[in-house]
Amino acid sequence: MPQLTLKEKISLGESVSLEFKKCSNGIHSDVYETVCSFLNRFGGEILLGVEDDGTVIGIPQNAVNDLIRNFINCINNPVLFNPVCSATIEPVFIDGKIILKIFVPNASQVHNYKGKVYDRQNDSDIVITSTDRIAEMYIRKQNIFTERRVFPYLKIEHLREDVFEKARQLAYNRKSDHPWMRMNNLQLLKSVGLYAHDYEKGNDGLTLAAALLFGQDEVIQDICPTYWTDALCQKVDTVRYDDREIVQTNLIDSVEILMQFARKHTSDKFYLNENMQSISLRSNICREMIVNCLIHREFTSGRISKFVIEKDKIYVENPNKALSQGEITIENLEPFPKNPCISKVFREITYSEELGSGFRKLNEYVPLYSGKNVHPEFIDGDMFKIIVPFGDSVQVEKKNLAEKTNTGINFDCGENCGENCGENCGENISAEEKILEAIRENPKITQKQLAAVSGLSLRGVEWNMAKLKNEGKIKRLGSDKKGTWEIVE
C-alpha cells in the first residue's frame, strides 16, 4: 500500500496508532499517558497542535524548542516512566502552521507512567489494573511461543492412546505411507516438536502443545484451567441461549464436537463445483472458523474462546497475541503462526492447510453461502474474531425449506449423511424428500447423480432408495441400465 501523507492521516481521524492533542499551553499528562499506551500496544504517532476533529491549529514557533526539551526530559525520567522509553519528536509544517510529531515505537517491554499501566483501545488510553490483562501484555511483548513451554513431569501415560490412533488414521487417509505409521508415540511427538529441550532451565519434556493435542481431559484442565470453548446457539433467546455446549477436551476431538454443534444449528446450502461434485459450504465455512479459533488462540490467557450461532450470523472469538488491531483485509494480511507446532499437526491430519488458507477459503465460500455481496470479517486484537453473516440468500433458503416441510426450519445434514440418514435424521430435512424431488425432475437419474445433487453419500442414497421401494413409494420401470423411476402417488 502507498504511504499516506501526514495530511491524509489527519483526514482519517484518530485511531489505535494515531492521536491528536491541542497542546495550547504546554504538554499535559494525557500526552504521556498516550505515549505509555502506544509503547504497550503497537506504537504510533501523536500530533501536537491538532484538534480532536483533525483541525490543525498549530503551535507558536517560540514555544517549539521548550516543548521538545520538556518532552525528552520527561520520557527519560525514571520517576515518571518505568522503564524509561525512547520516542522521537520533531516539528512539521502543515498549511503554514507548525505541529510537533511524536513517533512512539512498539516497545519490547511493558511500561508504566506514574506507576500506572496504560493500554491503547481503539482511540482511547485505558488504565489496566487486571492481572490477567497485564499478563497478556507481557505475553504480547515476549517473542516466544507459549505452546513450546516444557513440562518435565508430563509423561506419555498422561496422554490418550485413542487420540494418537485417530491422528494416525487421519494422516494415513491423507497419505498411505505417512511416516507416523512407522513411529511410536514418543517418536511422533518429537517429529512435530511436541517433545523439546528447555535451554533456559535445562529440562527435556513434553510441551504444552502435546498436552493440548493428546492429553487426558483432567491433565489439560490441570495445566490450562481456563482452557475451554463455549459453543452457544442464540437464535431465539438472545439474552441467555437456546443451546450450549462447553467443550473441554483435546484440540483434535474438539474440532468434531464443535462441527456437530454447527451441523445441529445451521442449515446447509448445496453447491456443485466445476467438477460437478457436491460440497457442503456450511461444513467448509464452519470448519475453517473452528480450526482457526482452536489453533491460533493464546492458551495462557484467562479469556474463553467462543463459537456462537445467532439468527443472522456465526462468529468465533479467541484470545490472541495480537500483532495489530482492527479489520484484516487482503491488503494488510500478514499470516503469522501463533502456535506453529499445533498448526503442523493439524496440517498433517488435514484439519487445516498452509498458513493463510483459511482467509482465502472463507472469502471464497461465504459469498456462495450467504450471497455474492456478503463477505466475512476478520478482526485482530486481544480477542481475534471472525464473523460470517448469513445474508439474504440463506434466510430465503431457510424460509423455503420451512414451507416445504411444514414443520418450521429443518436443517440439512449435507455431506455427513450415511446409512442411518432416513426420514428422521435428527433435525435434518428429509432425505426421502430430496430423492423424490430429484426423481420428479429427472426420472432417469442414477444413484451416483442422486448423491451429487442431494449431498447424501452413495451409501445413504442406496439405503433410502431401498426404503422407498419397500414402502411402495417408488418403483423401477424397465431395466436397471435403461429404465426409469416412477413415483407412486
Order of exposure, largest accessible area first, which applies to His28, His296, His158, His178 with probe 1.4 Å: His28, His158, His296, His178
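Per residue, what accessible area does the chain have, given a 1.4 Å probe and all protein chains present, in Å²?
50
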Scattering profile of the chain at q = 0.07, 0.13 Å⁻¹ [log10 I(q)/I(0), Debye over alpha-carbon scatterers]: -0.52, -1.23
Lys, Arg +1 and Asp, Glu -1 on Cβ, resulting dipole of the chain about Cα centre, debye, nearest 20: 920
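Considering only protein heavy atoms and a 1.4 Å probe, what is the carbon-and-sulfur percentage of the accessible area of the chain?
C and S fraction of accessible area: 49 percent.
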For the chain, calculated [θ]222 nm from helices alone, where every DSSP H run of n ≥ 4 adds -39500 (n - 2.57): -11000 deg cm²/dmol
Alpha-carbon radius of gyration plus Dmax, which is the widest Cα pair, for the stretch 180-326 in Å: 18.2, 57
Accessible heavy-atom area order of Trp485, Trp228, Trp180, Trp463, highest first, probe of 1.4 Å: Trp463, Trp228, Trp485, Trp180
Partner lysines for Lys9 [C-alpha distance under 23 Å; skip if fewer than 8 residues away on the same chain]: Lys21, Lys22, Lys97, Lys101
Cα centroid separation - the stretch 53-118 against the stretch 190-247, whole Å: 43
Over 28 Å between alpha carbons, listed pairs Lys434/Lys482; Lys372/Lys467; Lys116/Lys201; Lys175/Lys306: Lys372/Lys467; Lys116/Lys201; Lys175/Lys306
Residues with amide H under 5 Å from that of Asn112, placed H, sequence gap 5 or more: Asn82
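The values are calculated or read from the model by the stated rules, or taken from the named source; none is laboratory data. Bear in mind that the values here come from a model prediction, so they are computed numbers and not experimental data. Note: ideal-geometry Cβ built from the backbone for every residue, glycine included; neighbour counts use all protein chains shown. For accessibility, only protein heavy atoms count, side chains too; no ligands or nucleic acids. Shrake-Rupley method; radii C 1.70, N 1.55, O 1.52, S 1.80 Å.
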